[in-house]
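What follows draws every value from the coordinates through simple rules; no lab data is involved. What you are looking at is a predicted structure, and each value in this text was computed from that prediction instead of being measured. Reconstructed Cβ throughout: ideal geometry from the backbone, glycine too, with neighbour counts over all protein chains shown.
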Amino acid sequence: MRILGIDPGTINLGYGVVEGEEEIHMVDLGVISLSPRTSMEERLGALYDELSKIIASYKPNEVAIEEPFVGHNVASAFAIGRAQAIAILAAVKQGLPVYYYSPTQVKQQVTSYGRSDKQQVQEMVKLQLHLPQLPKPSDAADALAIAICHFQQSLFNKRLNE
């Protein structure tokens, strides 16, 4: 199974691709970075184009996307929601199922503690994927964590059904 994890954002959108059946390894990671000076409409169009290329190139079986965290900054949550919608559209247009995870779910699944900080998440991603160094930048590391979360949840569901 190949999974594309996405950490949505309208300026920096992280992506991570993992693959495996019982144990996973990293295929690739990266960030789509766009200028904040570009209009929101142009950024959303560029995100769609770039994500469509990534999906076509890596051919994932499933896509896992992090849900926006509202917190105190509602404007930021709306922007992240727009990026999430573009990621959903790019996946659905290529016939892929999409799964959603909250930041707490991702942290709980990857680190066993739902309030882990970014450094702890990066460390656990490094360990679980047997990487020689911490995955960077943090947006890409978060996307890998989302993909790991989905992989582990899928494995759990599969074993539960057996």
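Computed values, structure above
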read-out	value
Environment charge at Phe156 (Cβ cut-off 15 Å; Lys +1, Arg +1, Asp -1, Glu -1)	-3
Order by protection proxy (mean Cβ within 10 Å, highest first), peptides 55-66, 134-145, 38-49	134-145, 55-66, 38-49
Under-5 Å amide H pairs with Tyr99, H placed in peptide plane, nonlocal only	Val63, Ala64, Ile65
Extended-chain gain in nm, criterion 0.36 nm per residue less alpha-carbon gap, Leu131 and Phe156	6.7 nm
For the stretch 70-162: rounded, prolate or oblate by the Cα gyration tensor [a/c cutoff 1.5]	oblate
Calculated FRET value between Val92 and Glu41, using beta carbons and R₀ = 22 Å, to 0.05	0.65
Net charge, Ser138 excluded, C-beta distance under 14 Å - Lys, Arg +1, Asp, Glu -1	-2
Using alpha-carbon coordinates, inclination of helix 118-128 to the longest axis of the chain, degrees	50 degrees
Tilt relative to the chain, helix 74-93 - C-alpha long axis, 0 to 90 degrees, to 10	70 degrees
Using alpha-carbon coordinates, inclination of helix 40-58 to the longest axis of the chain, degrees	30 degrees
Greater than 24 Å apart at Cα, pairs in Lys59/Lys118; Lys107/Lys136; Lys53/Lys93; Lys59/Lys93; Lys53/Lys118; Lys53/Lys136	Lys59/Lys118; Lys53/Lys118
Residue list for the stretch 38-79, given a label point 7 angstrom along the Cα-to-Cβ vector of Ser102 and an amide N cut-off under 14 Å	66-71
Per-residue ³J(HN,Hα) for the stretch 150-157, Karplus 6.51 cos²θ - 1.76 cosθ + 1.60, θ = phi - 60°, Hz, x for Gly and Pro	5, 4, 5, 5, 5, 4, 4, 4
Of all DSSP beta bridges in the stretch 1-102, antiparallel share, percent nearest 5	65 percent
Extension reserve of the Glu23-Ser52 stretch, reckoned as 0.36 nm per residue once the Cα distance is removed	7.8 nm
